[in-house]
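Taking it in order: structure first as structure tokens, then the write-up.
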Amino acid sequence: MKKSFFLTLLLVMLAAGMLLPSLASEHLGGYLMKPFLQRLSHYYVTTSAHTAAYWLSLQSEEQRPEAFAQVKSLYPVEIQMTRTDQLSHLLAHSLSDNTLNRLSNGELIFLDQSEHFIIGIPDSDQILILLSPDKTLVNITTDAEAESMGTLALLQRRFQNQPEQQWPKIMAETSALFPYPVTLLSIQEILTDQHDSIRLNAYQKEALQQGRAVAVSNKRNLMNYGSGLDYFMQRLDNSNQVLVAGPASLVVQQQLDRYQLISQGSMSLLVLLLLSLWLLPTWRASRSLINSARRFAMGQMPDRARRYRFSHFHPVTDTFNRMAEDIEADFKANQRLIQTLSREMDSRISGIETGLNQLEKHLKSTSEADTTSSVSNKAGELPEACTEQQMTWLIEKEVDQLSQLTSDALIKARQRSEDTSFTDTTKDTTKPVTDKTRVHTASVPESGSGEKR
């Protein structure tokens, strides 16, 4: 592991934990939340839709419009009733035969294009259309409205019992306390949709005129925080002024991003610290192993890799140290073997040189003698021949021992290539040489025996 391993690990954790979610959440939020919102909407309307359809089926054709008006006033979602042949025109798209068959069987069907629910009234050709529940919830308090009520109550209290001429001054002082815009707008500007960023449906406009709290959610932020609250507003008493706060989603998103940065950054550092405590001994052991291998390759054979507590490299470190010990022992054994062989070869070569020198002296002395005298020749022939034969045998003995020494060294070299254990190498190598020395020494002929060479 390199030194940049931990820095790379930290960057990967930060990217995976913060950068990628922050960049992808805005684009993927709506897509990922769509199945859950559909299930939530289905949960809102399923039971009540079947109940309403069944109750309307019990009414006669003349009583059904009045009964539907009663259901609409109590229903938590905007609801419409139409005939089957007019359904495609109202929804702006046609329905498949399979969808129509499911309607005839009394199923509640979700339309992906319009995000509406439809259900057929049993024993009739009429259809109930339930507009998108996450956009048109009525007669109940949404999560966004519940979150905004406390702030709106505090704002209403600041304007309570204050003359209308003082409202702009009070608003200027109050808006400075908020991290997002808080203003006063005319109710006509909101009802006539003069502000592109503030679009209310019919139910919300009616609620605003009645003086109730109205909240507008940003669906793209549903994945980041639950309600997705963006704008919230309420009419001031019975005046034409409306307290409007927002857009708040940007500020909330910034605060969430800051919290996410701090929390996930701290978590990343904590995980990095724990991983460092876990991986640092292994990393140090790997560095020690690499450095020891380099020094060993440079000839520092006594060097060994260090073992670190809690390291996962203990088996590798132990294997390397055992290998280094075996190589060092083999190297020392080879050195001892080379030294022994050198001494033995020097001894044999010295013996050969001594014999050759003596033989050379003898040949010089015999060449100077008088070879014409038979008495001198007979008297000195035997000692001269014996001396020459003795020296020849000594030279042959040394040559044989040198040859045997070389042969034993080659045999031992072959054995080491097959077996890495070199126990008692010196003894095994020198023993046959000593035995051979005894044999050749014992076989030197006595003076006068054998033939002249």
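Tabulated data for the structure shown
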item: DSSP-assigned coil residues among GluC sites (Glu not before Pro) in the stretch 36-131, each with at most 14 further Cβ atoms within 10 Å; result: Glu61, Glu62, Glu107
item: Where Rh is the Kirkwood radius over Cα pairs, Rg/Rh for the stretch 255-312; result: 1.36
item: Loop sites in the stretch 284-353: chymotrypsin sites (Phe, Trp or Tyr not before Pro), DSSP, at most 14 other Cβ within 10 Å; result: Phe310
item: Amide H partners (placed H, <5 Å) of Ile129, local residues excluded; result: Gln80, Met81, Thr82
item: Rel. contact order, % - alpha carbon contacts under 8 angstrom, at least six apart, the stretch 239-333; result: 22 percent
item: Computed over the stretch 115-211: relative contact order in percent, which uses C-alpha pairs under 8 Å that are six or more apart; result: 15 percent
item: Semi-axis lengths, Å, the stretch 148-303, gyration tensor of Cα atoms, sqrt of 5 times eigenvalues; result: 62, 16, 11
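Since every read-out is calculated from the coordinates, none of them should be taken as a lab result. Remember, it's a predicted structure, so these values are computed and weren't measured experimentally. Cβ atoms come from the backbone with ideal geometry, glycine included; neighbour counts cover every protein chain shown.
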